[in-house]
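First the structure, in the form of structure tokens, and then the observations on it.
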Amino acid sequence: MIEVKNLNHSFGKHQVLENINLTLPEHTVMGLVGINGAGKSTLLRLISGVYAPQSGEILIDGIKNTDENARKVLFFLPDDPYYTIYTTGNKMFELYKVFFPAMDKKLFLHYLDTFKLKASKPIRNFSKGMRRQLYIALALSAKPKYILLDEAFDGLDPLSRLAFKHAINVAVEEGGASVLISSHALRELEDFCDSYVLIDNKTVASSGDLAEKVNRYCKFQLAFKEPPAEDAFKGLPALSVEQTGRFVRIVLEGDAEEMKEALQGLDPVVLEEMPMDFEELFIHEVKERGYMK
Amino acid sequence: MKTFFRYFGYRLKDSTLRTIVVSLFSFFYTMSWVNSSIEPANIYNSETGKYDKEVANCYLYFFYILLIVLVYVIPMMELSRFKNRRNLDTLYFFPLSRTKLALVHYLVGILQFLAAYTLSFGVVAFRIIEISLLYQSFLIPCYLGMLFSSLLVYTFVCYLFSSENTVFDGVVTSLWWIALPTLVYLIPQTIHSSLDFGEPSGFWYVLFGPMILFGEVFASCFESGASATGDAIDYFKEEWYMLLIWTALAGLAFFLYLRTFQKKGAEKAGAPSSSPVGLQFLIPAWGYLGFWFVLQLDSVILIFMTILSILIGYFILRRSFKLKKKDLICTALTIFLALTVFLAVPEVERLIERIASEKDPDYTHVTTPNFDEVEAPVFLQGCTPKEFGATITRFSSYSDKQGNVDVYMALSFSEKELMMNYLDLLRADAADPNAPYSGLYALSSSLIDGHTTLFSTKYTLDSIATPAAGCILTISRRNDKKCIMECDYGVISYSKETLTVIQSYCYGSFERGAVKDVPVLATNYFPNGYEVSFKE
């Protein structure tokens, strides 16, 4: 288990993270979400030991992450990882093998084969997505207990995303790994994350079970004979209301059936429940917090 | 520790190509110099036939330059990866403490240096053995001595380079630190002769501070090789305290190097540097020395350019034209401090003079900056330099009430013949205790590109530049016929056909800044020069 306790961090006078508390349980995939500049990458760097926390502490299986032994079970894949102009996939495998002796060459080559990559080619010739695929292969073949992935889907094509998500699921279910993954591809996260953490305004704005969070809300599309009055939805627990003439799209907090009944009381011509997704919730939530008004 | 050794092995293997390239470069560089530099004529004094450390030092420079390049370039190459955030994202999450990480790169750099150094030293040793130049038993202690000295400098570079946040800042900081201590020592006494800390090191030393160390160790090793026993290296015996100081400082640098790795945040990589020993300190320090120096030159443009240079330094440090308030405050303080010191030091000089006069009421010091008004002292009347067509360009005298007079004059002659006549007169009078010029003797001078420059000795105060067409001589006299000199002999030589090239030499300057009284033995005229000898 990774525990982050009362973590604060700033760059000079600019406070980036304030009083962060977070727990990554074992065998879990946790999505780390937030707007650009929210501090997601900084948090991952702090957990992985790249940055030293200015106050608070980070424990990996009960040991402070500044201890090199604690980091033996952790693999951090930054958004733009290290390589030189001469580095090949094999060379990177050798480097990581130094620190992760359990690295499995067969598994590495298997993932490279999945992604159609050659280990002997210089990384400088790879596209951004190919580089990402290579490092994902490295991360998974290291078989670490904890995997921290920053902007994991960045540059990946739809097929690679699918392969990646499958590989992560295998690592969690068969390898017993825990994954903390930051991404703006919220629909992708929703597919395979068990829980989420939303970083906003320097701190953890909300967190919890992802499915539970999504199920707490419902979305409806309505059509009326006449455009409804502005205060028609006033009594409802609406997260957002979008009105275009006679048509209304509304997101409500609460049980879908109960909300449907309440909406029928407004006498719509059409009332249709729509699927609610995490991305939409995220947008509503951060907008509510004052981002991009 | 297993991970440490695994990473060390990996880095060693990874740097093989670089090690080979650096070693081959060192090998071919040494090969290109060794035959012309290491030969008996460059090691032994042609007159005495003995090993001459000063002469040998001049010809061994090729090896010091190589060592300087290696001990600066290798750590910079090895540690430059830590200046990039992308690299640190990977290197710092690895399960290896930063102390061990720093240690691995420090040791791998040393091994790269060792390979290049051993190969180059091997070439030098082979040459020495090939021509049976010296007793060869000195080679092993010499190899170890130079290796140790190099590692001391290597450690300084590791710390200085790692203390800064970017490769550029690290390189500039490491290079600026080479000369700073020497300049701190040299500039004050260049500007104010009263602040005489002793014999200044050569100009090369200013540019390559660590060469002082390399030169002393290497030339001393050769000296040992020239002796019959071949096993006693004077430098280590006599200058052990210097080595101890260097070692202690290198130990401190090593400790700070490791601490930099432990404490410095990865987020600082690539950001403007903020190390207290880096550019934040060096820009005002160099600005202070530069400003103090240009104030002497009385040039508004140079003063303006120096201030501009300080600001440009800050622009480069901040990567922006927008400076921080503290940068402007530092610039203002630097200028203020340099101006204060510039104005205060002459006052201090006068105070020292006054205290000296109070202690010895008979002692007076007269310096006349206006040369046209100079009247020849009584003892020179009837035979003044002016009668020989000479112009006094500098005059200074010390006298007491007992009639003892010390005169220091810089003379510029319009014609060569007049100078020769004057020198002849000096030579004749030197031997005659009753002659007006008794005890006067000429020191060396030089004339370069139509500008004469005095060879600066302890008593000639400063160097002088003048567009005179002739030669400048510095004349000194003391009643006891002794003069404090820093040379055991000097030679004035010049071309027969033209006055444009007059060179001066001063060999055998007393080592380690010691100054002692030496009596004049003779001033001998030769067809191609004039030699003034002093007894050691």
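Those residues that are part of a loop (DSSP other than H, G, I, E, B) and among the hydroxyl-bearing types (Ser, Thr, Tyr), I need them from region A:84-138; list them, please.
Here is the first cut: in region A:84-138, the residues part of a loop (DSSP other than H, G, I, E, B) are A:84-87, A:100-104, A:115-121, A:126-127.
A:84, A:86, A:87, A:120, A:127 - these are the residues of region A:84-138 that are part of a loop (DSSP other than H, G, I, E, B) and among the hydroxyl-bearing types (Ser, Thr, Tyr).
Mind listing whichever residues of region A:24-55 are small (Gly, Ala, Ser), at positive phi and either surrounded by fewer than 21 Cβ atoms within 10 Å (Cβ to Cβ) or within 11 Å of chain B (Cβ to nearest Cβ) (or both)?
Matches in region A:24-55: A:37, A:49.
Which members of region B:274-283 meet the condition of being surrounded by fewer than 21 Cβ atoms within 10 Å (Cβ to Cβ), closer than 13 Å to residue B:318 by Cα and away from chain A (no Cβ under 11 Å)?
Applying the first criterion (surrounded by fewer than 21 Cβ atoms within 10 Å (Cβ to Cβ)) to region B:274-283 yields B:274, B:276-277, B:281.
If we keep only those that are closer than 13 Å to residue B:318 by Cα too, we end up with B:274.
If the condition is that a residue be surrounded by fewer than 21 Cβ atoms within 10 Å (Cβ to Cβ), closer than 13 Å to residue B:318 by Cα and away from chain A (no Cβ under 11 Å), then no residue fits.
In this structure, is residue A:239 of a type outside the set (Ser, Thr, Tyr) and in contact with a helix residue (DSSP H, G or I) (Cβ under 7 Å, 6 or more places away or on another chain)? Show your work before the answer.
Details: of a type outside the set (Ser, Thr, Tyr): yes; in contact with a helix residue (DSSP H, G or I) (Cβ under 7 Å, 6 or more places away or on another chain): yes.
Yes, satisfied.
If a residue must be open to solvent by 60 Å² or more (accessible area, probe 1.4 Å) and assigned to a helix (DSSP H, G or I), how many such residues does region A:148-196 contain?
Residues meeting the conditions: 7.
Let's see how each residue does on (1) within 9 Å of chain B (Cβ to nearest Cβ); (2) farther than 19 Å from residue B:81 by Cα; (3) within 27 Å of the chain's Cα centre (by Cα):
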{"residue": "A:67", "(1), (2), (3)": "yes, yes, yes"}
{"residue": "A:85", "(1), (2), (3)": "no, no, no"}
{"residue": "A:114", "(1), (2), (3)": "no, yes, yes"}
{"residue": "A:125", "(1), (2), (3)": "no, yes, no"}
{"residue": "A:131", "(1), (2), (3)": "no, yes, yes"}
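Can you pull out every residue in region A:116-132 that is closer than 16 Å to residue A:78 by Cβ and of a type in the set (D, E, K, R)?
Of everything in region A:116-132, those that are closer than 16 Å to residue A:78 by Cβ and of a type in the set (D, E, K, R) turn out to be A:128, A:131, A:132.
Of the residues in region A:249-280, how many are over 27 Å from residue A:35 (Cα atoms) and of a type in the set (A, V, I, L, M)?
Narrowing region A:249-280 to residues over 27 Å from residue A:35 (Cα atoms): A:255-273.
Remaining after also requiring of a type in the set (A, V, I, L, M): A:256, A:259, A:262-263, A:266, A:269-271.
Number of matching residues: 8.
Each row is one residue, and each column tells you yes or no for (1) at pLDDT below 85; (2) open to solvent by 30 Å² or more (accessible area, probe 1.4 Å); (3) assigned to a helix (DSSP H, G or I).
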residue: B:29; (1), (2), (3): no, yes, yes
residue: B:33; (1), (2), (3): no, yes, yes
residue: B:36; (1), (2), (3): yes, yes, yes
residue: B:46; (1), (2), (3): yes, yes, no
residue: B:54; (1), (2), (3): yes, yes, yes
residue: B:64; (1), (2), (3): yes, no, yes
residue: B:70; (1), (2), (3): no, no, yes
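Just for region B:98-127: of the residues that are polar (S, T, N, Q) and in contact (Cβ under 8 Å) with a residue 60 or more places away in the chain, which one is farthest from the other protein chains (Cβ to nearest Cβ)?
Taking region B:98-127 and keeping what is polar (S, T, N, Q), we get B:99, B:112, B:118, B:120.
Still in the list and also in contact (Cβ under 8 Å) with a residue 60 or more places away in the chain: B:99, B:112, B:120.
Working: B:99: 10, B:112: 16, B:120: 26 Å.
The selected residue is B:120.
Any chance region A:151-166 includes a residue that's at pLDDT 90 or above and over 18 Å from residue A:44 (Cα atoms)?
First pass over region A:151-166, keeping only residues at pLDDT 90 or above: none.
Within region A:151-166, not a single residue is at pLDDT 90 or above and over 18 Å from residue A:44 (Cα atoms).
Here are A:21, A:8, A:69: which of them is touching an Asp or Glu at 6+ places or on another chain (Cβ under 8 Å) and either at pLDDT below 90 or open to solvent by 10 Å² or more (accessible area, probe 1.4 Å) (or both)?
On the way: A:21 fails: touching an Asp or Glu at 6+ places or on another chain (Cβ under 8 Å); A:69 fails: touching an Asp or Glu at 6+ places or on another chain (Cβ under 8 Å).
Just one listed residue meets the conditions, A:8.
Let's see how each residue does on (1) away from every other protein chain (no Cβ under 11 Å); (2) over 20 Å from residue B:124 (Cβ atoms); (3) free of Cβ contacts under 8 Å to residues at least 60 places away in the same chain:
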| site | (1), (2), (3) |
| --- | --- |
| B:6 | no, yes, yes |
| B:60 | yes, no, no |
| B:64 | yes, no, no |
| B:83 | yes, yes, no |
| B:89 | no, yes, no |
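Can you pull out every residue in region B:259-273 that is more than 10 Å from every other protein chain (Cβ to nearest Cβ) and either over 15 Å from residue B:79 (Cα atoms) or open to solvent by 30 Å² or more (accessible area, probe 1.4 Å) (or both)?
Residues satisfying the conditions are B:259, B:270, B:272, B:273.
Within 14 Å of another protein chain (Cβ to nearest Cβ), of a type in the set (D, E, K, R), touching a residue at least 60 places away in the same chain (Cβ under 8 Å) and surrounded by fewer than 17 Cβ atoms within 10 Å (Cβ to Cβ): does that describe residue A:61?
Values: within 14 Å of another protein chain (Cβ to nearest Cβ): yes; of a type in the set (D, E, K, R): yes; touching a residue at least 60 places away in the same chain (Cβ under 8 Å): yes; surrounded by fewer than 17 Cβ atoms within 10 Å (Cβ to Cβ): yes.
It is true that residue A:61 is within 14 Å of another protein chain (Cβ to nearest Cβ), of a type in the set (D, E, K, R), touching a residue at least 60 places away in the same chain (Cβ under 8 Å) and surrounded by fewer than 17 Cβ atoms within 10 Å (Cβ to Cβ).
Within region B:147-165, identify whether any single residue is open to solvent by less than 50 Å² (accessible area, probe 1.4 Å) and either farther than 28 Å from residue B:278 by Cα or without any contact (Cβ under 8 Å) to a residue 40 or more places away in the chain (or both), and answer yes or no.
Among the residues of region B:147-165, at least one is open to solvent by less than 50 Å² (accessible area, probe 1.4 Å) and either farther than 28 Å from residue B:278 by Cα or without any contact (Cβ under 8 Å) to a residue 40 or more places away in the chain (or both), which makes the answer yes.
The values are calculated or read from the model by the stated rules, or taken from the named source; none is laboratory data. Treat the numbers as computed from the prediction; the structure is a model and nothing was measured. Backbone-built Cβ (ideal geometry, glycine too); neighbour counts: all protein chains shown. The area values use the complete protein model at the heavy-atom level, side chains included, leaving out ligands, DNA and RNA. Shrake-Rupley method; radii C 1.70, N 1.55, O 1.52, S 1.80 Å.
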